[in-house]
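Just below is one structure, and these are the notes that go with it.
The values are calculated or read from the model by the stated rules, or taken from the named source; none is laboratory data. Keep in mind it's a predicted model, so treat the numbers as computed, not measured. A quick note on method: Cβ atoms are made from the backbone with ideal geometry, for glycine too, and the neighbour counts reach across all protein chains shown. Protein only, heavy atoms only, side chains kept; ligands, DNA and RNA dropped before computing areas. Shrake-Rupley method; radii C 1.70, N 1.55, O 1.52, S 1.80 Å.
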Amino acid sequence: MVLALGGIGLMATGLPFVLIGVLEQRSAGDMYEVAFQRVGQECSGGHELHLDVDSGTPLDCSPSYFLGGSPRVDLPGFTDAQNDEVAELGERLGGEGLTEAEQRRIQDRVDAFVAAVPDGDRPIPDSATVWPADAGVWGTRRVWLGIGAAVLGVLAVVGCFLLARPSVDR
């Protein structure tokens, strides 16, 4: 009986972990998607980088009195050199406004840097607040943990039924 209850508990924990992990991974996708907009437009979504479509320079999406200094490219998990390269590319291409092709080129460069950052080592997005995100278990890792718990739960329940089956001697 304890084995069956434990298995049901593992399934009940594992399945929500899978759902939450999938949702977290989807919201993390916006983190590295560059938002191209004009000065004065509201910064929205989960974007970490907002570039002015007219000049290619970073937009300040938080009050400067709060963080101090001027806006800069500061993508989570990127090195200073990578951030500087993205900023320089935006400014160089944005001298006369960014065309769609130039916007794509900047996004492609960001995507190339993102590809080098393993999913499990990417910073936790703001939406990943459910335990154990602070221990590095969110998104893909949470999905795999949930799948593992659900599979163990199913095996425990099946094992319980097999053990409880009366033996028939012939």
Keeping to the range 55-77, report how many residues are acidic (Asp, Glu) and either out of contact with any Asp or Glu (no Cβ under 9 Å at 6 or more places or on another chain) or modelled with pLDDT under 50 (or both).
1
Which numbered condition His50 fails, given (1) crowded, with 18+ Cβ neighbours inside 10 Å; (2) modelled with pLDDT of 90 or more:
(2)
Do the conditions hold for Phe17, that is, is it closer than 27 Å to Ala116 by Cα, among the hydrophobic types (A, V, I, L, M, F, W, C), open to solvent by less than 70 Å² (accessible area, probe 1.4 Å) and modelled with pLDDT under 85?
no
Out of (1) at pLDDT 90 or above; (2) farther than 30 Å from Leu162 by Cβ; (3) β-branched (Val, Ile, Thr), what's the single condition that is false for Ile8?
(2)
Which number in (1) touching a Lys or Arg at 6+ places or on another chain (Cβ under 9 Å); (2) of a type in the set (Asp, Glu); (3) modelled with pLDDT of 85 or more marks the one condition that Asp119 misses?
(3)
Going residue by residue through the range 85-105, is there one that turns out to be at pLDDT below 90, open to solvent by 40 Å² or more (accessible area, probe 1.4 Å) and closer than 21 Å to Gly139 by Cβ?
no
